[in-house]
Amino acid sequence: MNKKEIRKKVLEVLKQKDKYQEEVQLMQTLFDLPEWQNADSIGVTLSMPHEVSTEEIIKFALVQGKKVYVPNCHYQNKTMDFVRFTSPNDLYEDEKGILAVRNPEEINNQMDLLLVPGLGFNTEGYRVGYGGGYYDRFLSSFEGATVSLILEEQLMEIPVADFDQPVHKIITDKRVIDGVRQ
C-alpha cells in the first residue's frame, strides 16, 4: 500500500473503534516509562476524536507539575512550534480546524519527551502521518526522547522515504517496541 492508501485504511478503522480500554493501557504503560518519569517538559498533540486521546495524558502531566507544550502549525512553510499549554481556555480552532494555543507566551522546541502522532507505523519506528511532513521536519532537529502511542492494528508495513524520521519507542496496547530510533 502507498501512504495515501494507508491513511485512508487506518482512518476508517480508528473512526469506528471504541478505544477506551486500549487508551487506559497505553497511558499506564507511558506513565511507567523512565522517559515520562524523568521528563520535566512534554510535547503532545491535542488529539482529534479518531486518534488515541491525549486529554488525560495532558491533565496528568499538569498535575505532576510537568510543563506541557502543544504544536502550533505555520501552514505557509509547513513547520510548527511547540507552545506552552496551561489551560483549555487558551485554545481555539486554527484555519484547518485543529486546536491551537491563542497568543502563546512560551515556545520550547526541545522538550524532554515528545509524544509523536501518526496513522501507520512499522516496527523500526517509521510512521505515516497526515501527509504534511510537519513532524518529519520537526524530528530532523529534535534531540529529546520520542514515543508514539498507537493501537496494535496501526503496526504495518509502510513505505519509507529518505526524509522520514523514526521515533525512539512505540507503545501499543499489547507491547512496547524499544530502541527503534538511532
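Quick check on LYS15: is it open to solvent by 90 Å² or more (accessible area, probe 1.4 Å), in contact with a His (Cβ under 6 Å, 6 or more places away or on another chain) and assigned to a helix (DSSP H, G or I)?
Against the criterion (open to solvent by 90 Å² or more (accessible area, probe 1.4 Å), in contact with a His (Cβ under 6 Å, 6 or more places away or on another chain) and assigned to a helix (DSSP H, G or I)), LYS15 qualifies.
Can you find even one residue in the stretch 39-47 that is among the polar types (S, T, N, Q), crowded, with 18+ Cβ neighbours inside 10 Å and in a loop (DSSP other than H, G, I, E, B)? Full working, then the answer.
Going residue by residue through the stretch 39-47, those that are among the polar types (S, T, N, Q) are 41, 45, 47.
This time we only want the ones that are crowded, with 18+ Cβ neighbours inside 10 Å, so: 41, 45, 47.
Narrowing further to those that are in a loop (DSSP other than H, G, I, E, B): 45, 47.
Yes, the conditions are met somewhere in the stretch 39-47.
Which of the following residues is open to solvent by 70 Å² or more (accessible area, probe 1.4 Å), within 24 Å of ILE98 (Cα to Cα) and within 13 Å of the chain's Cα centre (by Cα): GLU51, GLU55? If you could, list the steps in order and put the result at the bottom.
Numbers: GLU51 fails: open to solvent by 70 Å² or more (accessible area, probe 1.4 Å).
Residue meeting the stated conditions: GLU55.
Could you list all residues from the stretch 18-38 that are modelled with pLDDT under 90 and part of a helix (DSSP H, G or I)? Steps first, answer last, please.
Taking the stretch 18-38 as the starting set, the residues that turn out to be modelled with pLDDT under 90 are 18-20.
Result: TYR20, single match.
Across the stretch 105-119, which residue is surrounded by the most Cβ atoms within 10 Å (Cβ to Cβ) among those that are under 30 Å from GLU157 (Cβ atoms) and touching a Phe, Trp or Tyr at 6+ places or on another chain (Cβ under 9 Å)?
Filtering the stretch 105-119 down to residues under 30 Å from GLU157 (Cβ atoms) leaves 113-119.
From the residues that got through so far, the ones that are touching a Phe, Trp or Tyr at 6+ places or on another chain (Cβ under 9 Å) too are 113-114, 116-119.
Numbers: LEU113: 24, LEU114: 29, VAL116: 26, PRO117: 19, GLY118: 21, LEU119: 24.
Filtering the stretch 105-119 for residues that are under 30 Å from GLU157 (Cβ atoms) and touching a Phe, Trp or Tyr at 6+ places or on another chain (Cβ under 9 Å), the one surrounded by the most Cβ atoms within 10 Å (Cβ to Cβ) comes out as LEU114.
Do we find a residue being β-branched (Val, Ile, Thr), within 30 Å of ASP162 (Cβ to Cβ) and either open to solvent by less than 20 Å² (accessible area, probe 1.4 Å) or more than 15 Å from the chain's Cα centre (by Cα) (or both) anywhere in the stretch 87-104?
no
Give me the residue from the stretch 59-78 that is of a type in the set (A, V, I, L, M) and open to solvent by 10 Å² or more (accessible area, probe 1.4 Å) and, out of that set, nearest to LEU114 (Cα to Cα).
To start, the set of residues in the stretch 59-78 that are of a type in the set (A, V, I, L, M) comprises 61-63, 68, 70.
This time we only want the ones that are open to solvent by 10 Å² or more (accessible area, probe 1.4 Å), so: 62-63.
Values: LEU62: 15, VAL63: 18 Å.
For the stretch 59-78, the residue satisfying everything is LEU62.
Being closer than 26 Å to LEU11 by Cα and open to solvent by 10 Å² or more (accessible area, probe 1.4 Å) is the filter here; which residues of the stretch 141-151 pass it?
Matches in the stretch 141-151: LEU149 only.
VAL167: crowded, with 21+ Cβ neighbours inside 10 Å and modelled with pLDDT of 95 or more, yes or no?
On the way: crowded, with 21+ Cβ neighbours inside 10 Å: yes; modelled with pLDDT of 95 or more: yes.
Here the answer is yes, as VAL167 does meet what is asked.
Applying the selection to the stretch 160-175, what residues are within 11 Å of TYR126 (Cα to Cα) and in contact with a strand residue (DSSP E or B) (Cβ under 7 Å, 6 or more places away or on another chain)?
Residues satisfying the conditions are VAL167, HIS168, LYS169, ILE170.
The values are calculated or read from the model by the stated rules, or taken from the named source; none is laboratory data. On a predicted model such as this, the values are computed, not experimentally measured, just so you know. Quick reminder, even Gly has a Cβ in these numbers, built from the backbone with ideal geometry, and neighbours come from all protein chains shown. The protein model used for the area step is the full one, side chains on, heavy atoms only, and it has no ligands, DNA or RNA in it. Shrake-Rupley method; radii C 1.70, N 1.55, O 1.52, S 1.80 Å.
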